[in-house]
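Colleague: I am attaching a structure below and will ask some questions about it afterwards.
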Amino acid sequence: MLMKNIVVFTGAGISAESGLSTFRDHGGLWDQFPIEEVATINAWINNPKKVIDFYNLRRKNCLNAQPNMAHQNIKKLEKKFNVTIVTQNIDDLHERAGSKNVLHLHGEIMFSRSTKTGKIYKIKRDLKYGDKCSNNGLLRPHVVWFGEAVPKIQEAYNIVNKANIFIIIGTSLKVYPAADLMNFVSKNCKIFLIDPDLELNISKVTQIKKNAVNGTKELYNKLMIDY
């Protein structure tokens, strides 16, 4: 029998349980660092050092964090399903939990990108403004800033369209185009939402009103029995 395809769509809420700040909650990152100052192309043009310092700090926080049981529960689904993760997160916690197929919509904090060639480089130390690639291109954080195109969104749409089961965890569903992913599932796809607060008044969505760790544990047990 063919293995079913599970696509897991994750946001900041799953990483919050590893101690990484969310963005939109009270006291989140955007309260401390206004978007327009650190996460737009204009911020990069006007004050690149502030932008780089912000992402260097976030990188250190990510390195100090560890995958939590929600990440591990998603990894465990690979025993029985073809699992692909589409994440809005720029941390590497899914990979460090052992997940094999992870698509980062908004870039990756552990990498820089040449503004000249677009080539991606692993960051081995703090990035400094003025660092350049071998082709003399200025290096910037490999993240998608607000107002920039999301290069991998079509790939994500294609992945989601092949899902038999679509699981949403820890995202506000307010950031587009990522928030549109649910609209690209096939008509027979089962949709689960794991979130203690978010309400989706959509009949085809099964809601599990728990945090990421407890919700993924419940759903893992359910899927292993039902399928």
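The values are calculated or read from the model by the stated rules, or taken from the named source; none is laboratory data. Everything quoted here is computed from the prediction, not taken from an experiment. Every residue, glycine among them, receives a Cβ derived from its backbone with ideal geometry; neighbour counts consider all protein chains shown. Surface areas here come from the heavy atoms of the whole protein model, side chains and all, with no ligands, DNA or RNA. Shrake-Rupley method; radii C 1.70, N 1.55, O 1.52, S 1.80 Å.
Colleague: Have a look at Ile6, Ile52, Ile74, Ile85 and point out the one that is under 26 Å from Ala156 (Cα atoms), open to solvent by less than 10 Å² (accessible area, probe 1.4 Å), in contact with a Phe, Trp or Tyr (Cβ under 6 Å, 6 or more places away or on another chain) and modelled with pLDDT of 90 or more.
Modeller: Selected residue: Ile6, the only one of Ile6, Ile52, Ile74, Ile85 that is under 26 Å from Ala156 (Cα atoms), open to solvent by less than 10 Å² (accessible area, probe 1.4 Å), in contact with a Phe, Trp or Tyr (Cβ under 6 Å, 6 or more places away or on another chain) and modelled with pLDDT of 90 or more.
Colleague: Only one residue in Gly147, Gly137, Gly130, Gly118 is in contact with a strand residue (DSSP E or B) (Cβ under 9 Å, 6 or more places away or on another chain), more than 30 Å from Lys4 (Cβ to Cβ) and free of Cβ contacts under 8 Å to residues at least 12 places away in the same chain. Which one?
Modeller: None of the other options fit; the residue is Gly130.
Each row is one residue, and each column tells you yes or no for (1) of a type in the set (Asp, Glu); (2) modelled with pLDDT under 95; (3) under 24 Å from Lys80 (Cα atoms).
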| residue | (1), (2), (3) |
| --- | --- |
| Gly147 | no, yes, no |
| Val150 | no, no, no |
| Ile153 | no, no, no |
| Val160 | no, no, yes |
| Gly170 | no, yes, yes |
| Val185 | no, no, yes |
| Cys189 | no, no, yes |
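Colleague: Another one. Just the residues that are part of a strand (DSSP E or B) and either touching a helix residue (DSSP H, G or I) at 6+ places or on another chain (Cβ under 6 Å) or crowded, with 17+ Cβ neighbours inside 10 Å (or both), please, taken from region 202-225.
Modeller: Of everything in region 202-225, those that are part of a strand (DSSP E or B) and either touching a helix residue (DSSP H, G or I) at 6+ places or on another chain (Cβ under 6 Å) or crowded, with 17+ Cβ neighbours inside 10 Å (or both) turn out to be Gln207, Ile208.
Condition check ((1) in contact with a Leu (Cβ under 9 Å, 6 or more places away or on another chain); (2) of a type in the set (Lys, Arg)) across all residues:
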{"residue": "Val150", "(1), (2)": "yes, no"}
{"residue": "Gln154", "(1), (2)": "no, no"}
{"residue": "Phe184", "(1), (2)": "no, no"}
{"residue": "Lys187", "(1), (2)": "no, yes"}
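Colleague: Can you tell me how many residues within region 191-210 are farther than 26 Å from Lys80 by Cα and not hydroxyl-bearing (Ser, Thr, Tyr)?
Modeller: Qualifying residue count for the region: 7.
Colleague: I'd like to know if region 194-201 contains one or more residues that are modelled with pLDDT of 95 or more, open to solvent by 30 Å² or more (accessible area, probe 1.4 Å) and either in contact with an Asp or Glu (Cβ under 6 Å, 6 or more places away or on another chain) or farther than 25 Å from Ser18 by Cα (or both).
Modeller: Checked region 194-201: no residue is modelled with pLDDT of 95 or more, open to solvent by 30 Å² or more (accessible area, probe 1.4 Å) and either in contact with an Asp or Glu (Cβ under 6 Å, 6 or more places away or on another chain) or farther than 25 Å from Ser18 by Cα (or both).
Colleague: Does Leu77 qualify as being within 19 Å of the chain's Cα centre (by Cα) and under 30 Å from Asp226 (Cα atoms)?
Modeller: yes
Residue-by-condition table, conditions (1) within 23 Å of Thr216 (Cα to Cα); (2) under 14 Å from the mean Cα position of the chain (by Cα):
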{"site": "Asn46", "(1), (2)": "no, no"}
{"site": "Val51", "(1), (2)": "no, no"}
{"site": "Phe54", "(1), (2)": "no, no"}
{"site": "Gln66", "(1), (2)": "yes, no"}
{"site": "Ala70", "(1), (2)": "yes, yes"}
{"site": "Asn82", "(1), (2)": "yes, no"}
{"site": "Ile90", "(1), (2)": "yes, yes"}
{"site": "Leu93", "(1), (2)": "yes, yes"}
{"site": "Arg96", "(1), (2)": "yes, yes"}
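Colleague: While we're here: Does any residue of region 159-180 turn out to be open to solvent by 80 Å² or more (accessible area, probe 1.4 Å) and either part of a strand (DSSP E or B) or under 22 Å from Ile41 (Cβ atoms) (or both)?
Modeller: Looking for residues that are open to solvent by 80 Å² or more (accessible area, probe 1.4 Å) and either part of a strand (DSSP E or B) or under 22 Å from Ile41 (Cβ atoms) (or both), one finds at least one in region 159-180, hence yes.
Colleague: Here is a further query. Name every residue in region 98-151 that is of a type in the set (Ser, Thr, Tyr), over 18 Å from Val38 (Cβ atoms) and either under 14 Å from the mean Cα position of the chain (by Cα) or open to solvent by 80 Å² or more (accessible area, probe 1.4 Å) (or both), in order of residue number.
Modeller: Hits for region 98-151 are Ser99, Ser134.
Colleague: For His94, all conditions in the list (1) modelled with pLDDT of 95 or more; (2) of a type outside the set (A, V, I, L, M, F, W, C); (3) surrounded by fewer than 22 Cβ atoms within 10 Å (Cβ to Cβ); (4) closer than 25 Å to Lys124 by Cβ hold save one; what is the number of the exception?
Modeller: Unmet condition: (3).
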